[in-house]
Every structure is written in structure tokens, then in C-alpha cells.
1. Positive end of the charge dipole of the chain (Lys, Arg +1 and Asp, Glu -1 on Cβ, about the Cα centre): tell me which of Val117, Ser453, Ser313 has its Cα farthest that way.
2. List the residues whose amide H sits under 5 Å from the amide H of Ala471, counting only those 5 or more places along or on another chain, with H placed 1.01 Å from N in the peptide plane.
3. Under a point spin-label approximation (7 Å from Cα along Cα-to-Cβ), what is the Ala53-Arg354 distance to one decimal in nm?
4. Answer rounded, prolate or oblate for segment 300-381, using the Cα gyration tensor with square roots of eigenvalues a ≥ b ≥ c: rounded when a/c is under 1.5, else prolate when a/b is larger than b/c, else oblate.
5. Could you tell me what % of all Cα pairs in the chain have separations over 32 Å?
6. With N denoting the number of residues in segment 451-518, provide Rg(C-alpha) divided by 2.2 N^0.38 Å, to two decimal places.
7. List nothing, just return the count: lysine pairs in the chain, 8 or more apart or interchain, with Cα separation under 21 Å.
8. Can you list the equivalent-ellipsoid semi-axes of segment 148-303, largest first and in whole Å, using the square root of 5 times each Cα gyration tensor eigenvalue?
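The values are calculated or read from the model by the stated rules, or taken from the named source; none is laboratory data. It should be emphasised that the depicted structure is a prediction, and the values quoted were computed from it without experimental measurement. Please note: Cβ atoms are built from the backbone with ideal geometry, for glycine as well, and neighbour counts cover all protein chains shown. SASA here: full protein model, heavy atoms, side chains in, ligands and nucleic acids out. Shrake-Rupley method; radii C 1.70, N 1.55, O 1.52, S 1.80 Å.
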Amino acid sequence: MCSPRFGPACIPILAAALLAGCAAQPAWQKPPPGIAQAPRPDSPFASTETRIATHHGAGSSGFDLLERNDRALQWRLALIDSARHSIDLQYYVWFGDTVGKLIMFRVIDAADRGVKVRILFDDLNTMLHDMTHVELRDSLLARIDRHPNIEIRVFNAWQERSLAGRVFGTATDFERLNRRMHNKQMIVDNRAAIIGGRNLGDEYFGLNPDFNFHDLDVLGVGPVARQASQVFDRYWNSEWVRRIPKPEAAEASSPDDELGSRSRAELMRHPSLQALNAGSTDWDGPLAGLPAMLAVGASQVHTDSPSRDAKVSNHTPEAFRALMRSARREVLITNAYIIPDTLFMDDLRELGARGVQVRILTNSLASHDVPAVNSHYQAWREPILATGARLHELRADAAVQGEFVDLPPLRAAFVGLHTKAMVIDRERAFVGSMNLDPRSQILNSEMGVIIDSPVLADRLARRMDRDMEAANSWEVTRSPAGGLVWRSDAGELTRQPARSLWQRLEDMVFKLFPPSLY
């Protein structure tokens, strides 16, 4: 499986794709600067923000956790369908699959209503149909960009746009192209935002029959939206960003193409979308109930510089570690991809020495979509346990899959973890895109929001407690006789759980690659 995590796992697919043909090389456009629209009083989210400010102060925002995949999709649709003035979307990947098309159709509908839309992708997105299929998408995206109310830009672009040119460019300019924009956010009317771990694709919303992710975003209304907009504008105007290249000749659309009426009608026949009533655009009820479900708190949105000198470290990991070190009693971490560095391990030891209880949940080999990460994580299990931290690994058959992950009637073959979150003393929380691995620490740009809200932090902590229970994860402990033991209500194992022999072989092969790639 080729994950959109940029690394050796993708090289065979990219090389094979050379046989698929080449595309013309269009000229790049230097984009003009742009800034987010100021919030206006007639936005449907204005009354909620005013209510929060009246009761809690102008610096407070309201937050809700989007854990269930169905709610995460519904609230994205609700924000897009309710937008009155502007939509800004910044994503690492936005696939051309069922979810990707559904959200794009709704964004185009919003633009047809007069909403101004800015879309910023990592350029990796322009050559992936989904997680396992390469597809050049410049032409399609350029057609969308021709809409008078939509502008699309890409981050850290390949100069040559053919598949052959991209593979050659990767080989000859690897240091530059290895830096990717991993940020994930959407902002509506500069009053509401969704920030977190989900990309836009089927497996992030419970619609992939092979596997689906247990993931997390946070919905925020209030000043947090302006904080998120500052991040968006910083990237939108970066020297690393270019306008999506224009095709040499305009292509006429037809009802049968990917953006046509027949494609839309076929999409809405998907059984899970029908069960979700995804065709509805009436959100009066959910919007009316929004103030009552929000937990109020102060926020800080952190990100890394879009362009940075190689000698300058990313900011988001530093903010994360500072929050972690501030703990007095308890640290709960859920993170999909962990390959620790010395700073993280030093922090764990310091917390342990102070008596702070630390519990960590990550993927097991069995639940992993990127076995290469597990290949380099597994050597850290015993050092993590030696700090006094408790370590849990998600089960591929976790009980949460049925209620929180898959969208009925679909049932995926297994569930994987994609969440990146932390709770400190059940008072403050971090939700974002940052993994605890070299890509996030050094290579990618990331973002996340730190929320000072005991109510929200307690809600998130309770969810983390549940995910670490034996029905959902294996607890990894050291055996008195030496070695490691994995325990859950499914039994006890003396070697790491895996779904197949092939997965164990992959785990061995990827040890040959340097961990710095992941």
C-alpha cells in the first residue's frame, strides 16, 4: 500500500505509473497576494460567536470534538452548505474518491451561490486519485479553478507535470520535494473552523471497504477561526505556493465527466451516503443546537513556517513539547505514527521522575497503514516503558469500529489509528496534524490548536480512556521473564499482533530504509 506519507513506500507505484503516459507542461503563474475576508454580521455563525463573547469574553471560542466519522463529514457539509461569504480549505491530500467528490461538489455549489473559495493543496494531491492509485489531476483541478469564485493553489510543486517528470524531479531535487505541507483545516466566513487530523478521502470518513481510520478533528467557532485564517494566509502567500497550472486549451464539460450531473447522481446512490442523508442541505436544526454543544475556552493555533532554513526547526513540535512538559498530574497522548526523538524521550523521563502519569496510544502493526513506521517504532517500545509511561496499541478489530469509524452499511476489513491529540491534566488539549515522527518533527509543515478548556479536555480524556480499554487496544508491558507482552480482552501475545505474514515481512523490509524518511 502506498500511503500519501511521502517516502520509499510510494516509489514502486510512481515508477510503474511512468507507463501510463505523460501530460503537457503548462506554464506556472505567480499568484497575487490575498488575505481572508473579515467576518461579517450576517454569517449564520455570527450569533453563536456573539453569544459566546457575551457570556465568556471576546477572546473565547466554542469547541466540539469531531470523533465519529459520520459527524466529521456532516459538519464539513454543514459548514460548506451554510457558508455565506468565504470558504478556505487547506489540505495535504483531497482525493478524487467518494468523499472527495462529495465535498468538491458542495464547494462548487457554494461558489455558484457567490461564496469566495480558496483551496490550497500540497502538490502531492495533484497526482493521487486515492491512497493506492496514481492519477494526474491538473486538468480537472484547473477546470474547477476556472470558476470565477474559486482559486486553487499548490504547495511545493513539481516543475515538470508529467509522471515521468515528477519521478525525475523527485530523484534530482529530493531535498526540496521531500518537504510537504501536512496541514489540515477549513474555515468558513472567518467565524467557524475545523482543524485536526483528517485528510479528505474515503478512509478518513468511514467509506473505504479495505480499512478506515479512527481520527479526530475539532470544530471551533469564534476567534479560533481568525487564528486559523492567519495560518492559511501565511501559506497562501508563501513563496512555496503556486497557482494551479492552466491547461493549454480549455476543455468543455459534459454530463458524463467527473464533474457532470451523471457523476453527481451516481455518487449520491452510494448506500452509506444515502444512509447518512448526505444529499440534504438543510442544516437549520444542527446550527440552532450549536451553542449548546460547544465547550468554551481560549485557543492558540500553531503552525510551522511554510519555507524555512534547514538549520531552523519546526515550531509545532516545540509548542507540543512545551505543553507536554507543563503537566502536573497526567499526560494522555494518542498519536498514529510514533518514532521518538531524544527530546521526546527526555521529556518522558522527566515527567516520570516527577510522578506525572503518562499513557500513550498508537498503532499496532496490525492496525497500521504504514508498516514502515512500525519498523522503526518497535525498537522504542521498551525505552518508552522504561520511563514509567504506559503504552497501548490499537487493535485492528477495535470495538469502536462499528460505532465511530465505519459508515453503515459498510464494514471495513480493519480499523487504523490516525488521531494526533494530547490532553494535559484534563484541563488543556492539543488537536492537530502533527505525528511524533521525523517527518513531522523535521520534514513536513504541521499545524494544531491548543485549547484551554477543562470541559473539552475532559471530554477528550474520556474518549482516550475508552480507546485504551482492552476491547479497543493492546496494552504493551514487559514480561518478568524478559521481552514484551501484548494484553487485551482477546488474550495475550508474546509477539506484536499482525494481520498477516505479509505484514510481518513488510515490517522487516522497511527496517532497511532510514527512519528519517518517515
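1. Result: Ser313.
2. Amide H neighbours of Ala471, under 5 Å, 5+ apart: Asp489.
3. With each label placed 7 Å out from Cα toward Cβ, I get 3.6 nm.
4. oblate
5. Working: 53371 of 133903 pairs.
Tail fraction, whole percent: 40.
6. Its radius of gyration relative to the 2.2 N^0.38 Å reference: 1.55.
7. Number of lysine pairs found: 8.
8. Numbers: eigenvalues 188, 130, 59 Å².
Values for segment 148-303, descending: 31, 25, 17 Å.
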